Each structure stands twice: as C-alpha cells, then as structure tokens.
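In what follows, a structure is listed as structure tokens, so that the remarks can point back to it.
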Amino acid sequence: QVQLVESGGGLVQPGGSLRLSCAASGSIFSINAMGWYRQAPGKQRELVEAITSGGSTNYADSVKGRFTISRDNAKNTVYLQMNSLKPEDTAVYYCNADLRTHILYRSRDYWGQGTQVTVSS
C-alpha cells in the first residue's frame with residue numbers, strides 16, 4: 001500500500017506564507033512526478049504546481065512568482081512554499097504522486113487526503 005500524508009495547511013492572512021509538505025510511504029518502487037492540486041468550493045480540482053524526478057516544474061499561471069515547489073527524492077517528499085497568499089488561494093490542497101509500486105507495474109496516480117488552506121483577514 002501507498003500513503004501520501006500532507007501537512008502544513010491552516011489559516012493565514014492575505015500576504016502571508018505557508019509551507020505544505022507531503023511524504024509518500026509504503027511499497028514504492030519509483031516516483032515520477034509529484035505535485036499539488038487544489039479545489040475550491042464549487043470549482044474543479046486544478047493543478048497548482050508539479051515537479052518531475054529530474055526537477056522540471058509545471059505550474060498554474062495564477063501562482064507564478066508566488067509559489068515554489070521542491071522535492072527531496074531521498075525522502076519521497078514534496079514541498080510547496082506559498083508566499084504572498086491571496087484570498088483566492090483558499091482551497092483544499094491535495095498532494096499527488098505518479099509512482100510505480102513494482103518494477104513490472106505501470107505507474108499510476110496516488111492522492112493525499114487533502115489539507116485546508118484558508119487565506120482571510
């Protein structure tokens with residue numbers, strides 16, 4: 001079994017910062033991309049930022065220059081540093097990993113349980 005455990009969400013004022021962490025554990029052979037998605041009430045889940053095992057990143061235009069993703073491959077952990085937070089960043093943030101549990105198996109997506117980020121004064 002594979003688990004993705006997120007931490008670091010909470011309530012922050014506009015302009016503030018938060019750092020999310022997500023650690024993958026369990027029967028993991030290899031991890032391709034890891035990333036963060038978010039879902040606000042009444043909206044579809046959207047990509048925030050993702051990073052490959054080689055360090056290439058992909059991000060939403062709305063977070064450009066404010067959010068930074070990083071990854072510790074040795075710890076199977078991905079981080080999201082969020083600065084200059086805005087009320088519109090309020091959402092449940094989900095960790096995602098595209099990984100293989102065995103050399104013979106194809107990779108598939110795994111998801112964390114989600115962590116709430118609320119930006120409000």
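Give me the distance in nm between label points sitting 7 Å out from Cα along the Cα-to-Cβ direction at Gln13 and Phe29, one decimal.
My value for the distance between the label points is 5.1 nm.
Ignoring ligands, DNA and RNA, what percent of the accessible area of the chain is carbon or sulfur (1.4 Å)?
Details: 3050 of 6680 Å².
Roughly 46 percent of what the probe reaches on the chain is carbon or sulfur.
Can you work out the Karplus-derived ³J(HN,Hα) for every residue in region 83-89? Use 6.51 cos²θ - 1.76 cosθ + 1.60 with θ = phi - 60°, whole Hz, and x for glycine or proline.
10, 6, 5, 10, x, 6, 7
Counting only heavy atoms of protein chains, what accessible area per residue, in Å², does the chain have with a probe of 1.4 Å?
Normalised by residue count, the accessible surface of the chain is 55 Å².
Compute the signed sum of charges (Lys and Arg +1, Asp and Glu -1) over the other residues within less than 10 Å, Cβ to Cβ, of Arg100.
Summing Lys and Arg as +1 and Asp and Glu as -1 gives +1.
I'm a student and want to see the number: the projected area of the Cα convex hull of region 24-82, averaged over all directions, in nm².
Spelled out: convex hull of the Cα atoms, projected over all directions, averaged, 4.8 nm².
Per 0.36 nm of contour for each residue apart, how much would the distance between Lys86 and Ser56 grow if the chain were fully extended, relative to their Cα-Cα spacing?
8.2 nm
Any chance you could get the radius of gyration and Dmax over the Cα atoms of the chain, in Å?
When restricted to the Cα atoms of the chain, Rg and Dmax are 14.2, 50 Å.
For region 58-121, which semi-axes, largest first and in whole Å, follow from the square roots of 5 times the eigenvalues of its Cα gyration tensor?
Values for region 58-121, descending: 28, 13, 10 Å.
The values are calculated or read from the model by the stated rules, or taken from the named source; none is laboratory data. In this text the structure is predicted, and so the values were computed from the model without any measurement. Heads up, the Cβs are rebuilt from the backbone with ideal geometry, glycines too, and the neighbour counts pull from every protein chain shown. With ligands, DNA and RNA removed, areas are computed over all heavy atoms of the protein, side chains included. Shrake-Rupley method; radii C 1.70, N 1.55, O 1.52, S 1.80 Å.
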